[in-house]
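First the structure, in the form of structure tokens, and then the observations on it.
The values are calculated or read from the model by the stated rules, or taken from the named source; none is laboratory data. These numbers were taken from a predicted model, which means no experiment stands behind them. Please note: Cβ atoms are built from the backbone with ideal geometry, for glycine as well, and neighbour counts cover all protein chains shown. Note: areas computed on protein heavy atoms with side chains; ligands, DNA, RNA excluded. Shrake-Rupley method; radii C 1.70, N 1.55, O 1.52, S 1.80 Å.
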Amino acid sequence: MQELDLPQGFNFTEVFSTPAGAVYQSDAERCWYIDFGGKLARFDYRNLLKLKKAVYQIDIEHLLLTTDKTPDLEIIFICACDHCYVLSLIQIINLKDLLQGTFAMLELNHIIFDRLHRIVA
């Protein structure tokens, strides 16, 4: 994880990044920031889980195989959150990859923290 200092005095820690975007953690604010699709959006943990659930529920295979003439766009709106995403299929896949990596890193961090505390205790 690399440290990212913003000019406004915020101190973010990069949790995971791909060429399409990045997720940062702010310990001072107890939240996460997602830099994706040209915007930086702030999420608390509960809303981050809701975003993950919403993205994972999109049936990408069905959207790719459908033959009707509907646009290949999905609107992701999280209740109790100020952010809305209008994503193409490629962007959905990229966001899903970003969230999968983020939650894998958070789980890995939890496992390492737990193991180190067991050794010390």
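Things to note:
- GNM on the chain, alpha-carbon springs under 10 angstrom: the most fluctuating residue among Asn109, Asn11, Asn47 is Asn109.
- Pairs of Lys in the chain closer than 25 Å at Cα, counting only those 8 or more apart or on different chains: 8
- FRET efficiency for the Leu49 to Arg118 pair, using the beta carbon distance and R₀ = 22 Å, is estimated at 0.25.
- Surface accessible to a 1.4 Å probe, per residue, for the residues of the range 1-108, Å²: 62
- Solvent-accessible area, 1.4 Å probe, carbon plus sulfur percent, for the chain: 56
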